[in-house]
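Here's the structure, in structure tokens; my notes come after.
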Amino acid sequence: MSELDNLLASREMILVAGSGGVGKTTIAAAMGIAAAQRQKGKILVLTVDPAKRLATALGLDEVGNTPVRIKPAVFKEAGVTVRGELWVAMLDTKAGWDELIRQHAPDAQVRDAVLANPLYQNITSRFVHSHDYLAMEQLHDLHATGDFDLVIVDTPPSRNALSILDAPSRMIDFFGSRLLRWLTVPYRSRLFTVASKPFYQIADRVLGSRFLQDIADFFVLFQAMEKGFVKRARAVEALLVDARTAFVVVTTLETAPSHEAKFLAQALLNRGMTLGAMVVNRVLPARLAANDAITGASALLEAGPELVEAVAEQLDDVSPKTVAAVLAQLAERFDDVALVASRETERRAELATFATTMLDVPWLTGDIHDIAGLGELAEHLRVDSVNG
């Protein structure tokens, strides 16, 4: 059993986090396949990827809020052997909010009034990082059902990777905010209603009929659901620090992503959350920075005709002159590659101080676009290091 297999077998929930563009969605899908290969249970990968790459990679035409199972025949055709079931769901923001309103509304009248409010869809699509909060809500629901043995969440793409961690507290803070109190004052104070009437009339003429009134109506109705939302948000916060939950931080060894990964890892530890592993994606082998590699590159610059002729003999329709030019270019540019590899080795060592488990993925040729590619990536995640 690799470190990856041990991690997946010991948790009920894995949240894959990191800055944008580091491969979170692909890594989450590969981890799902890795779990299905070793475990007999039901594994779910929940993604919020707006590009829907995960559905394409798994051979599905469409993925929605309802989990869909990847058929065994799809794995067989790709040459990937699995023991368990792999299911996939994609967060639908609109459907997610509708379901939340139905759950938390105190009665049918409030529920129907909120859903019918003309500003409901526009507001909720921009409300308190809705992708982040809905992902946490859906994670809670999936855990509560007990239908899946392991849930892997591809967290929302964000400029700030901490958004996913702070979503529940932002919801709690919103219900106690000055904004909500101000928007609902007209319904709690007759004096304010009289004083503000001219303002509302002017605003309606500028912004359109009943614009501010519709906003006030919506938030008054929303405030009626405060108890349910706050209770659930606190339950989600508890779930994030539960021993059965672990985070996997994905990064590359470029300057900005690695800096973000360190910041996120420290934030997880400060919040008492479990950092199960750190995945370092698109890594150059550390051996490229070794002395013998540098010596070998220098030797290429001084390569005599014997080496050039030997290489040319192994190639069809390539002249010794061309071979000599290519070898010279490789040797001259190797210093740049060795420097990058050396810097990556140093950054990886810095990241390793935050996580006991480091999983390296080398640069792979081509994009991963199917089950076979994800299976290959899962095997790379099982290897302790690409530096050997």
Q.
Can you report the number of residues in region 8-32 which are open to solvent by less than 20 Å² (accessible area, probe 1.4 Å) and of a type in the set (D, E, K, R)?
A. 1
Q: Using the structure shown, decide if residue 274 is among the polar types (S, T, N, Q) and in contact with a strand residue (DSSP E or B) (Cβ under 7 Å, 6 or more places away or on another chain).
A: yes
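Condition check ((1) of a type in the set (Ser, Thr, Tyr); (2) loosely packed, with under 13 Cβ neighbours inside 10 Å; (3) in contact with a His (Cβ under 8 Å, 6 or more places away or on another chain)) across all residues:
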| residue | (1), (2), (3) |
| --- | --- |
| 302 | no, yes, no |
| 306 | no, yes, no |
| 319 | yes, yes, no |
| 325 | no, yes, no |
| 331 | no, no, no |
| 359 | no, no, no |
| 372 | no, no, no |
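Rundown of residues vs (1) assigned to a loop (DSSP other than H, G, I, E, B); (2) of a type in the set (Val, Ile, Thr); (3) in contact with a helix residue (DSSP H, G or I) (Cβ under 9 Å, 6 or more places away or on another chain), yes/no style:
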residue: 19; (1), (2), (3): yes, no, yes
residue: 22; (1), (2), (3): yes, yes, yes
residue: 25; (1), (2), (3): no, yes, yes
residue: 30; (1), (2), (3): no, no, yes
residue: 55; (1), (2), (3): no, no, no
residue: 62; (1), (2), (3): yes, no, yes
residue: 75; (1), (2), (3): no, no, yes
Q. Quick one: would you say residue 216 is open to solvent by 20 Å² or more (accessible area, probe 1.4 Å), in contact with a Ser or Thr (Cβ under 8 Å, 6 or more places away or on another chain), modelled with pLDDT under 90 and not aromatic (Phe, Trp, Tyr)?
A. no
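Provide a single number: the residues in region 223-263 that are part of a loop (DSSP other than H, G, I, E, B), hydrophobic (A, V, I, L, M, F, W, C) and either open to solvent by 60 Å² or more (accessible area, probe 1.4 Å) or closer than 30 Å to residue 110 by Cα (or both). If you could, list the steps in order and put the result at the bottom.
At the first step, the residues of region 223-263 found to be part of a loop (DSSP other than H, G, I, E, B) are 224-225, 241-244, 252-254.
If we keep only those that are hydrophobic (A, V, I, L, M, F, W, C) as well, we get 224-225, 241, 243, 253.
Among the residues that remain, those that are also either open to solvent by 60 Å² or more (accessible area, probe 1.4 Å) or closer than 30 Å to residue 110 by Cα (or both) are: 224-225, 241, 243.
Residues flagged as part of a loop (DSSP other than H, G, I, E, B), hydrophobic (A, V, I, L, M, F, W, C) and either open to solvent by 60 Å² or more (accessible area, probe 1.4 Å) or closer than 30 Å to residue 110 by Cα (or both) within region 223-263 amount to 4.
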**Q.** Checklist (1) within 26 Å of residue 382 (Cα to Cα); (2) outside any helix (DSSP H, G or I); (3) open to solvent by 10 Å² or more (accessible area, probe 1.4 Å); (4) of a type outside the set (Lys, Arg) applied to residue 37, failing item
**A.** (2)
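Per-residue answers, yes or no, for (1) closer than 21 Å to residue 356 by Cβ; (2) among the polar types (S, T, N, Q); (3) modelled with pLDDT of 90 or more:
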position: 222; (1), (2), (3): no, no, no
position: 243; (1), (2), (3): yes, no, yes
position: 247; (1), (2), (3): yes, no, yes
position: 254; (1), (2), (3): no, no, yes
position: 257; (1), (2), (3): yes, no, yes
position: 276; (1), (2), (3): yes, no, yes
position: 279; (1), (2), (3): yes, no, yes
position: 286; (1), (2), (3): yes, no, no
position: 290; (1), (2), (3): no, no, no
Q: Among what's in region 264-296 and is assigned to a helix (DSSP H, G or I), in contact (Cβ under 8 Å) with a residue 60 or more places away in the chain and open to solvent by 50 Å² or more (accessible area, probe 1.4 Å), pick the residue that is nearest to residue 367 (Cα to Cα).
A: 287
Q. Hey, among 61, 5, which residue is among the charged types (D, E, K, R) and open to solvent by less than 20 Å² (accessible area, probe 1.4 Å)?
A. 5
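The values are calculated or read from the model by the stated rules, or taken from the named source; none is laboratory data. Predicted model only: the values in this text are computed from it and were never measured. In this analysis, Cβ positions are derived from the backbone assuming ideal geometry, glycine residues included, and neighbour counts consider all displayed protein chains. Quick note on the areas: whole protein, heavy atoms, side chains included, nothing else; ligands and nucleic acids left out. Shrake-Rupley method; radii C 1.70, N 1.55, O 1.52, S 1.80 Å.
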